[in-house]
1. Can you count the Lys pairs in the chain with C-alpha separation below 23 Å, eight or more apart or on different chains?
2. How high is the relative contact order of the chain, in percent, counting Cα pairs under 8 Å that sit 6 or more residues apart?
3. Could you let me know the centre-to-centre spacing of the range 1-17 and the range 133-161, using Cα atoms, in angstrom?
4. Using only protein heavy atoms and a 1.4 Å probe, report how much of H200 is accessible, in Å² to the nearest 10.
5. In debye, nearest 20, what is the charge dipole magnitude of the range 36-177 about its Cα centre with +1 on Lys and Arg Cβ and -1 on Asp and Glu Cβ, if you could check?
Amino acid sequence: MVRKQIAIIEDEQVIRENYIDYLSRQGYSATGYATRQEALTAFNKRLPDLVILDIGLADDIDGGFELCRELRNRSNTLPIIFLTARDSDFDSVSGLRLGADDYLTKDISLPHLIARIGALFRRIDAMQQEQPSESQLIRGDLQLDRDRLTAHWKQNPVNLTVTEFWMLHALVRHPGHVRSRDQLMEEAHIYVDSASITTHIKRIRRKFQLVDSDFSLIESVYGAGYRWTQ
């Protein structure tokens, strides 16, 4: 079996090497980078299977944010996890708005980190194991391809991250049914607070509205969650 490639962008050498050592012992192929530019140079040759980012990279105070933005421009489906000491709501929401799939703080245990990484990989692996006849989900003008992790609205592509795709999929599978934030977290395999779920939903709406300014099919249900209204 080919080992999953994980890139770790962390400026503190001891911390970086600790993560690399632990991930390697868990069966992953882990490579570390100290700076944004060092990582980008490597990614120009080949993108990894998953990226773990710190926000502050030495003097590059928000380097992780900038790197996340650049990676999202290259790939909508590359799993990205922020792993940082910065625990403010502002930083967390900023990271998710840039398209990260998860935002963790460095007080997380290593086994917990491995569980979160595994959850992201399971989502992608599950998609690849779907039967071709089951890969398409169509609801009116919406077409989801669970094999390719793609979404189209009125035949126009909507560029979603892996997390955004699964949240949308959870809503669209049962039109009109309210999906709670806990249900959305479960189906997207992430474990975040309510504000983070709201941020993901807002990003999904904005991406549809870039394609169709009249789009309004994701409805908020006060105190309960969200639903696809078509």
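The values are calculated or read from the model by the stated rules, or taken from the named source; none is laboratory data. Predicted model only: the values in this text are computed from it and were never measured. Don't worry about glycine lacking a Cβ; one is built from the backbone with ideal geometry, like all the others, and counts go over all protein chains shown. Keep in mind that these areas ignore ligands, DNA and RNA; they rest on the heavy atoms of the full protein, side chains included. Shrake-Rupley method; radii C 1.70, N 1.55, O 1.52, S 1.80 Å.
1. 4
2. Over the chain, the number comes to 14 percent.
3. If we compute the Cα centre of each part, the gap is 33 Å.
4. 0 Å²
5. 460 debye
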